[in-house]
Amino acid sequence: MAMIPIAELRRLGETQELEFKRSLSLMKEGLTTLCGMVNATAAKGTVVFGIDPSGDVVGLGDENLDSAQRTLAQHGRQKLDPPLALDIRAFLCEGKPILILSAQRSRAIPFHEYGGRAYIREGSSTRQLSVLEKQSLSVLRNRDLHNGPWICDQCGAYAGTISCVEVTSAGPRKTYRHSCGGEWWPATQPISPIEGQ
Ligand SMILES: [Zn+2]
């Protein structure tokens, strides 16, 4: 098993994108938190099982890590919608086994739900999104509903409006391709706890 120093874990991210869970009995809480992290502006998050919220490495004791990894992956597949690819890795930290769970939201997906509810991470806490907030996220993150401004994911160019229409066999449709080879994505997000801090 690969080893990872606790200092490196702490460097993985800010509180916004990293959370420690003491044990695997907190699997539901961990996935709720992860759902909130990927739905925030950063669109990614990491939850570490086997570390106390204070940062003490407690380890997962006698847990069978292989089966724990499978259970976690299966639980995620059943509860996360749309599907979210989970990266689950076992490490030894200060000689104790831990599991690192991380995920990233595709920009094409406005938000993920866990167990039928959408969450958002704000600072170090996680709360449920209201119906209105979900609608707002859909509009601002769904390219077909977005009116600008835009940012190119390759060259970083900004544009107030884009008017790229390509004619396909199914008729004219919007395209988000930039001349540099990149793609235009909504440049602003409505819920952005990180900005302005
Ligand atoms: Zn570009």
>> Checking His146 against (1) modelled with pLDDT under 95; (2) within 30 Å of Trp184 (Cβ to Cβ); (3) surrounded by fewer than 15 Cβ atoms within 10 Å (Cβ to Cβ): exactly one of these is not met. Which one?
In response: (3)
> touching a residue at least 12 places away in the same chain (Cβ under 8 Å), within 16 Å of the ligand (Cβ to nearest atom) and of a type outside the set (A, V, I, L, M) - does that describe any residue in the range 122-141?
Replying inline: no
> Taking the range 56-80, which residues are out of contact with any Pro (no Cβ under 9 Å at 6 or more places or on another chain) and more than 27 Å from Arg117 (Cα to Cα)?
Replying inline: Asp56, Val57, Val58, Asp62, Asn64, Asp66
>> Cβ-Cβ distance below 7 Å, separation of 6 or more or different chains: which pairs start in the range 56-85 with a residue that is among the basic types (Lys, Arg) and end on one that is surrounded by 14 or more Cβ atoms within 10 Å (Cβ to Cβ) and assigned to a helix (DSSP H, G or I)?
In response: Lys79/Leu31
> Could you say whether any residue in the range 99-111 is touching a residue at least 12 places away in the same chain (Cβ under 8 Å), surrounded by fewer than 14 Cβ atoms within 10 Å (Cβ to Cβ) and in a helix (DSSP H, G or I)?
Replying inline: no
> In the range 158-182, which residues are within 12 Å of the ligand (Cβ to nearest atom), assigned to a loop (DSSP other than H, G, I, E, B), surrounded by 11 or more Cβ atoms within 10 Å (Cβ to Cβ) and not hydrophobic (A, V, I, L, M, F, W, C)?
Replying inline: Tyr176, His178, Gly182
> Mind checking whether some residue in the range 118-128 is among the aliphatic types (A, V, I, L, M) and either assigned to a helix (DSSP H, G or I) or surrounded by fewer than 18 Cβ atoms within 10 Å (Cβ to Cβ) (or both)?
Replying inline: no
>> For the structure I just gave you, tell me whether Ile151 is within 16 Å of the ligand (Cβ to nearest atom) and either surrounded by 13 or more Cβ atoms within 10 Å (Cβ to Cβ) or not in a helix (DSSP H, G or I) (or both).
In response: yes
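The values are calculated or read from the model by the stated rules, or taken from the named source; none is laboratory data. Because the structure is a prediction, the values reported are computed rather than measured. Note: ideal-geometry Cβ built from the backbone for every residue, glycine included; neighbour counts use all protein chains shown.
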